[in-house]
1. Do any helices (runs of 4 or more DSSP H) lying entirely in the range 191-285 carry at least 2 residues that are of a type outside the set (A, V, I, L, M) and at pLDDT 95 or above, and which ones are they?
2. Check Gly297, Gly277, Gly351, Gly301 and return the single one that is at positive phi and surrounded by fewer than 21 Cβ atoms within 10 Å (Cβ to Cβ).
3. Scan the range 80-107 residue by residue and report those that are buried (at least 20 other Cβ atoms within 10 Å of the Cβ), within 22 Å of Asp255 (Cα to Cα) and either in contact with a Phe, Trp or Tyr (Cβ under 8 Å, 6 or more places away or on another chain) or modelled with pLDDT under 95 (or both).
4. Taking the range 33-57 as the region of interest, how many residues are within 21 Å of Asp285 (Cα to Cα) and acidic (Asp, Glu)?
5. Which residues, taken from the range 334-361, are under 24 Å from Asp213 (Cα atoms) and not in a loop (DSSP other than H, G, I, E, B)?
6. Considering only residues that are in contact (Cβ under 8 Å) with a residue 12 or more places away in the chain and either surrounded by fewer than 17 Cβ atoms within 10 Å (Cβ to Cβ) or touching an Asp or Glu at 6+ places or on another chain (Cβ under 9 Å) (or both), which ones fall in the range 312-321?
7. Determine which member of the set Ala71, Ala65, Ala57 is open to solvent by less than 40 Å² (accessible area, probe 1.4 Å), within 30 Å of Gly297 (Cα to Cα) and at pLDDT 95 or above.
Amino acid sequence: MIIIDMRLTYLLFFSLSLSCTSLFGQDGYCPDHQWKRQNPSKIGLNEQLLNEAVDFALKNEYSGARDLRRAILKSFEREPYHEIVGPTKERGGPAGLILKGGYIVAEWGDIERVDMTFSVTKSYLSTVAGLALDEGLIKSMQDPVTDYVWDHTFRGEHNAKIRWHHLLTQSSDWSGSLFGMEDWSDRPPKEGDIDDWKHRQFFEPGVRFEYNDVRVNVLSYALLQVWRKPLPLVLKEKVMDPIGASTTWRWFGYDHSWVVVDGVKVQSVSGGGHSGGGLFINTLDHARFGLLFLRNGKWNGQQLVSKQWITEARRPSEANDRYGYMWWLNRGKNQWEGIPENVCYAAGFGGNFIVIDQDHDIVIVTRWLEPSQIGTMVAKVLKAVK
């Protein structure tokens with residue numbers, strides 16, 4: 001009888017230990033090439049409620065055209081000179097995965113289909129910046145970028161003030177043209193016309209948040225100058241291969257965004273699909289990346305991205321307390337109703353999301369969900385937590 005009690009005690013202790021490491025996002029199950037699936041009810045989820053969340057995602061498909069060239073041109077038709085200059089791909093239907101404790105507990109749609117992911121790419125780009133900091137290629141995110149990129153890109157009194165921190169928080173107010181694209185033509189104000197936009201007021205770097213793909217691409221270009229090799233190769237070697245991602249993902253720039261680095265022609269990749277390009281990836285690989293972030297940069301005992309960087313990435317920025325280092329934070333006036341404030345997420349055009357909930361050890365990846373419905377969908381998932 002004593003032996004039985006000791007075994008029960010050990011099993012209880014072991015179970016609690018797994019729960020604790022999982023809860024704080026440190027260790028826990030990470031998949032190899034064969035991803036294990038678990039019955040939701042066996043790991044603390046209400047299966048019926050979880051199925052309702054999946055059904056909701058399937059019924060609320062993004063309303064834009066599946067022909068993404070049409071969807072892009074329609075959505076950004078107000079922008080002067082806007083054109084598609086990078087690859088695009090007709091999208092699939094709704095797809096997604098829900099992870100609990102690292103295990104797949106729900107899935108829908110074609111999770112192996114490679115699709116555009118638009119601004120979710122920014123969270124991958126942010127990670128490449130974090131790796132540069134981890135390896136000492138960048139000493140501090142508070143350093144002026146011109147200390148590292150000494151060509152014309154950051155010349156002038158205004159641009160010389162810009163720090164890495166400003167580029168990552170989209171508060172740089174960088175001014176100029178990159179690969180023929182003007183900063184002022186990207187998502188111009190609703191008021192005024194082209195003359196007003198050309199001769200805009202400058203804001204001190206760090207003061208004003210402005211979502212702007214040209215400036216994000218300036219960050220990508222600057223990181224290319226630091227790494228001295230293609231950023232997709234950095235991501236592949238440092239992150240995607242170690243976490244067991246497939247070989248099907250691609251990261252593109254524009255037809256004309258080629259530069260010479262140490263005598264070699266290299267493409268400067270884009271941080272989204274606003275003009276085509278960006279990250280093309282399947283749902284399973286997104287989920288692996290989300291799980292790495294949930295685990296504070298650790299994968300099967302190996303620290304791939306420093307925990308310090310993960311913490312910085314989700315710290316509210318001065319110009320927008322809903323935005324960190326290219327990760328959105330669930331707080332402020334647009335907080336998802338009933339969802340904890342410390343939930344964070346990557347978001348892209350057309351309803352592409354990677355949602356991280358460390359409190360419940362959950363990752364949600366959803367593709368082509370009507371963007372206005374993401375808060376409701378996440379709430380339905382968390383309602384299934386017993």
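The values are calculated or read from the model by the stated rules, or taken from the named source; none is laboratory data. What you see is a predicted model; the values in this text were computed from it and never measured. Neighbour counts are summed over all protein chains in view; Cβ atoms, including those assigned to glycine, are modelled from backbone coordinates with ideal geometry. Side chains included, ligands, DNA and RNA excluded: accessible areas come from the protein's heavy atoms. Shrake-Rupley method; radii C 1.70, N 1.55, O 1.52, S 1.80 Å.
1. Fully inside the range 191-285 and qualifying: 213-227.
2. Gly301
3. Gly86, Arg91
4. Selection size over the range 33-57: 0.
5. Asn334, Cys344, Tyr345, Ala346, Ala347, Gly348, Asn352, Phe353, Ile354, Val355, Ile356, listed by residue number.
6. Passing the criteria: Pro316, Glu318, Ala319.
7. After applying the criteria, what remains is Ala57.
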